[in-house]
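A quick write-up on the structure given underneath.
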Amino acid sequence: MIATASSTGAAPALTHLNEEERMFRAQVRQFAREQVAPYVREMDEHSKFRPELLKQLFDLGLMGIEVPEEHGGQAGSFFQCVLAVEELSAVDASAGVIVDVQNTLVNNAFIRWATEEQKRRYLPRLATDQVGCYALSEAGSGSDAFAMAATATEDGDYYVLNGRKLWISNAAEGQIFLLFANVNPAAGYKGVTAFLVERSYPGFQVGKKEDKLGLRASSTCELLLDGCRVPRANVLGEVGKGYKIAIETLNEGRIGIGAQMIGIARGAHDAAVAYAKQRKQFGKTIGEFQGVQFPLAEMATEIEAARLLVYNAARLRDAGQPFVTEAAMAKYFSSVMAEKAASLAIETFGGIGITKECPAEKFYRDVKIGRIYEGTSNMQLMTIGKKLFS
Ligand SMILES: Cc1cc2nc3c(=O)[nH]c(=O)nc-3n(C[C@H](O)[C@H](O)[C@H](O)COP(=O)(O)OP(=O)(O)OC[C@H]3O[C@@H](n4cnc5c(N)ncnc54)[C@H](O)[C@@H]3O)c2cc1C
């Protein structure tokens, strides 16, 4: 548990939790342990998130944490989104990414850039029963996201979208897509525009679902745009300013990925410590051997360090202070740390760690994506380096 008021008389650090946040975290933790945990293995094996659990995430308000009450949400903070993603990911990283994308990318973009009419139309749905997706990447444009090939051409009251999006999280369940396409490819990134696309629009189709190493219960799909007609009223923000929406949402979203990573690390580490307390070799529990205990103690320290980076970035964001470098550091460090934690957990379990009987095996598969999506580790280092050398 995070410390409360400082005994030194110094002002409490931004990373301390207040009473409301502690209660919120306890509720999500209980939900994850009691309602999600029993289905983790089944969902991983079948590569499918249980619809009943998805409904529970909505019913608990976890899909609309920051959405204002007038639009059916919880009127909570970004920091609470981070707490929810951490708690869910400590049990199932797929549940974590569903809540993460909905809150930190999709709802976040609506809250910041949607018109009142767009908010009225979409936020209540996103907060209560419809999954939102964030569609930026394509086969030819990942790190170089604005080299996208998807185009949008004006046609009266509509834009006509053509192209393909790739790697879109939760698209199999998705109903509302925040989708980026270029209205003027000759202008490069200055043509990139954000559109609100509904699954039912003509010319829109969810394509192939990827068969992945980890995060198997969170669908990752291709989107096909074949003359997809999107009303002009569904442009989010200004035409040609989609690059700004993409950059700014991802700057915030990657704090959520940091939270997912500390959740995975904690889940793997807790399982390893519990095992080390009961597994006996040479007449002792293995946790009594310094060779087992010290790496776990070191890992506990690194998890806490990553948590402080993630919480600090989230607090800065909520306080309206600059946070971009801190967010990049949080995502970079926590994803490297979590890989190490999941790997150490497997080693602590020994042979059984490699099997599906052991929770560490799934944490190890789930953790790998942390260094790739919402900006690879190299992209985070570029952001951090830019500050150093500007
Ligand atoms: C499970 C999953 C879920 C995803 N969900 C979404 C989603 O919901 N929405 C969405 O839009 N996208 C999503 N993505 C896409 C993800 O954001 C991209 O995969 C990521 O940005 C990397 O792009 P890429 O795969 O094209 O790799 P590339 O950009 O081709 O990178 C390959 C390697 O080259 C390195 N590299 C590239 N350029 C440079 C450079 N200039 N300097 C140094 N190194 C460089 C990278 O660091 C990386 O190691 C998802 C991906 C996965 C796997």
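The values are calculated or read from the model by the stated rules, or taken from the named source; none is laboratory data. None of these values were measured; they are calculated from a predicted model. Please note: Cβ atoms are built from the backbone with ideal geometry, for glycine as well, and neighbour counts cover all protein chains shown.
Miscellaneous remarks
- Set Ala342, Ala328, Ala305: member being assigned to a helix (DSSP H, G or I), in contact with a Ser or Thr (Cβ under 6 Å, 6 or more places away or on another chain) and of a type in the set (A, V, I, L, M): Ala328
- For the residues Ser169, Ser219, Ser200, the requirement of being out of contact with any strand residue (DSSP E or B) (no Cβ under 8 Å at 6 or more places or on another chain) and not aromatic (Phe, Trp, Tyr) singles out Ser200.
- Ile247 passes every criterion in (1) among the hydrophobic types (A, V, I, L, M, F, W, C); (2) within 16 Å of the ligand (Cβ to nearest atom); (3) closer than 30 Å to Ala338 by Cβ; (4) touching a residue at least 12 places away in the same chain (Cβ under 8 Å) apart from (4).
- Residue in the stretch 157-168 that is small (Gly, Ala, Ser) and either within 10 Å of the ligand (Cβ to nearest atom) or free of Cβ contacts under 8 Å to residues at least 60 places away in the same chain (or both) present: no
- Within the set Phe177, Phe204, the sole residue that is more than 9 Å from the ligand (Cβ to nearest atom), among the aromatic types (Phe, Trp, Tyr) and under 29 Å from Leu60 (Cβ atoms) turns out to be Phe177.
- Count - residues of the stretch 146-178 that are farther than 24 Å from Ile247 by Cβ and either in contact with a Lys or Arg (Cβ under 9 Å, 6 or more places away or on another chain) or surrounded by 23 or more Cβ atoms within 10 Å (Cβ to Cβ) (or both): 8
- Criterion: farther than 17 Å from Glu374 by Cα, part of a loop (DSSP other than H, G, I, E, B) and more than 17 Å from the chain's Cα centre (by Cα) - qualifying residue of Ala139, Ala75, Ala152: Ala75
- Among the residues of the stretch 217-231, those that are buried (at least 24 other Cβ atoms within 10 Å of the Cβ) and within 16 Å of the ligand (Cβ to nearest atom) comprise Ala217, Ser218, Ser219, Leu223, Leu225.
- Selected residue (only one of Gly72, Gly64 is touching a Pro at 6+ places or on another chain (Cβ under 6 Å) and of a type outside the set (D, E, K, R)): Gly72
- Hits in the stretch 369-379 - residues which are near the ligand (Cβ under 9 Å from one of its atoms), in a helix (DSSP H, G or I) and either within 16 Å of the chain's Cα centre (by Cα) or not assigned by TED's automatic domain parsing to the domain that holds Arg254 (or both): Ile369, Arg371, Ser377
- Scope the stretch 285-300; condition in a helix (DSSP H, G or I) and exposed (fewer than 14 other Cβ atoms within 10 Å of the Cβ); matching residues: Gln290, Gly291, Phe294, Ala297, Glu298
- Residues in the stretch 189-205 that are touching a residue at least 24 places away in the same chain (Cβ under 8 Å) and more than 22 Å from Ala109 (Cα to Cα): Pro202, Gly203.
- Ala327 of a type in the set (Gly, Ala, Ser), at pLDDT 95 or above and more than 16 Å from the ligand (Cβ to nearest atom): no
- Residue-level check: of (1) surrounded by 24 or more Cβ atoms within 10 Å (Cβ to Cβ); (2) more than 15 Å from the ligand (Cβ to nearest atom), Val239 misses just (1).
- When the test is whether a residue is in a loop (DSSP other than H, G, I, E, B), at positive phi and modelled with pLDDT of 95 or more, Gly61 passes it.
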